[in-house]
Amino acid sequence: MVNWIWLFFIVASVVVAAITGKMDAVTQAAFDGAKSGVTVSFGLISIMVFWLGMMRIAEDAGLLQKLARMLGPIVRMLFPDVPRNHPAIGYIMSNLSANLFGLGNAATPMGIKAMQELQKLNPDPATATPAMCTLLALNTSSITIIPTTLIAIRMNYGSANPAEIIGTTLAATFIATGAAILADRWYRRKSPPPNITNSLPRQPGIKSATPAAGGEPVV
Amino acid sequence: MYNLFTNLSAWMIPAIIVFIPLYAALRRKVPVYETFVEGAKDGFGTAINIIPHLVGMMVAISMFRSSGALELMLSAVRPLFDWAGIPSEVLPLGILRPLTGAGSLAFTTDLIQTYGPDSMIGRIASTIQGSTDTTLYVLTVYFGAIGIRRTRYALKVGLFSDMVGFLAAIFICLYIFG
């Protein structure tokens, strides 16, 4: 699907530009886009380096495992195919909590680290596993308790009550996340990965494999 | 309420930064600085891995916006919004939000500036902007970092939840503030 969307964007842009005579602007936009892709990636370097260092300390100190145990039941329900003591669970938890508290620049490194841990359980490194799709779904709909950026902007433009959107935002984000989880569940059931070794024991219709074959021993 | 939360947010990061190494050093005798450096090493490579993915995606999005194709797509959906009684000024956000974080934030700011933060349009725009994340960016960065090429149904799920969130934000605002 990504392939088609990407192709659609590029082809549609050039076709429309040809009709409206904006070809120069589109050429310029292509290179501006490339430049901002690099700029954003470079901006990620500093926060990735910092938070991955911090999280390694947390991992070695056993803090991530603690966090994983505390909120285990919810995560086990959402990620039935990740072994319960796998380090991925700890990173998933830190990613979700960072999102919840609006710590955007901490959430991304932790999410990526969680993906890297999930990748270790992946029999086919080029294809996303159901667990990866679930983590992504939770992140794209990101539950945030306080939308701080928006409140600041509203304050700037002289709102009488800048924080009045907290309630509506919370309601909308809950509905969006609920929809993401439901859609994820539905697709999980509809298109089981053919060759996964650590299977989903609770789901009917998938006959393959021994549960918990993957995964690493945990401290 | 808001002040409580902003204070909480301001304290959260420093609290985490102090607590993790302190706990590790005192309770578990972890060599904190060396461990930090060891873990931090992975950060650079990971960020660099993302570059090709992000460049590819941002080129396409940037072209799509500047060519006027986005505007064309919007004008096709606009009558539907007018018919449902939804202010169609917020419509571009529905398409911008999943594509570009910076772009949709700029658009939201513009709406707030033009119509005022306490107008219905301003409130709806704020709610939309705050309630979901930039799906395409999250997908590109998270999957790009680990080299996933076949994303299976992940994008469909993300876009579906964006659409639900977008409509939910509109109707909740119309109901609460209407």
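Below are the figures for this structure:
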read-out: Ranking of A:Trp51, A:Trp6, A:Trp186, B:Trp83 by count of other Cβ atoms within 10 Å, fewest first; value: B:Trp83, A:Trp186, A:Trp6, A:Trp51
read-out: Per principal axis, descending, Cα span of chain B in whole Å; value: 66, 43, 27
read-out: Choice from A:Phe31, A:Phe50, A:Phe101 with maximal GNM fluctuation in chain A (Cα, 10 Å cutoff); value: A:Phe31
read-out: Nonlocal Lys pairs with alpha-carbon distance under 30 Å, the protein assembly as shown (8 or more apart, or different chains); value: 21
read-out: Pairwise FRET efficiency - A:Ile45 versus A:Trp186, Cβ, R0 = 51 Å, nearest 0.05; value: 0.85
read-out: Under Karplus coefficients 6.51, -1.76 and 1.60, residue-wise ³J(HN,Hα) of the stretch A:145-157 in Hz, glycine/proline x; value: 6, 10, x, 4, 4, 5, 5, 4, 5, 4, 4, 4, 8
read-out: Those trypsin sites (Lys or Arg not before Pro) in the stretch B:142-178 that DSSP places in a loop and that have at most 15 other beta carbons within 10 Å; value: B:Arg149
read-out: For chain B: relative contact order, % (alpha-carbon pairs under 8 angstrom, 6 or more apart); value: 21
read-out: Per DSSP, loop trypsin sites (Lys or Arg not before Pro) in the stretch B:2-96 with at most 13 further Cβ within 10 Å; value: B:Lys29
read-out: Value at 222 nm in deg cm²/dmol, rounded to 500, when DSSP H runs of n ≥ 4 in the protein assembly as shown each add -39,500 (n - 2.57); value: -25500 deg cm²/dmol
read-out: Part-to-part distance (alpha-carbon centres) for the stretch A:97-140 and the stretch B:136-178, which is given in Å; value: 15
read-out: Three semi-axes of the equivalent ellipsoid, the stretch A:40-190, Cα gyration tensor, whole Å, largest first; value: 28, 20, 15
read-out: Inter-site label distance for A:Arg69 and B:Arg78 at 7 Å from Cα along Cβ, in nm; value: 6.0
read-out: Two-site FRET efficiency, A:Phe31 against A:Ala160, from Cβ-Cβ distance with R₀ of 30 Å, rounded to 0.05; value: 0.10
read-out: Selected from B:Tyr142, B:Tyr153, B:Tyr33 as most flexible by GNM, with chain B as the system and alpha-carbon contacts under 10 Å; value: B:Tyr33
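No lab work stands behind these numbers, since they all come straight from the coordinates. For clarity, every value in this text was computed on a predicted model and none was experimentally measured. Using ideal geometry, Cβ is built from the backbone for each residue, glycine included, and neighbour counts are taken over all protein chains shown.
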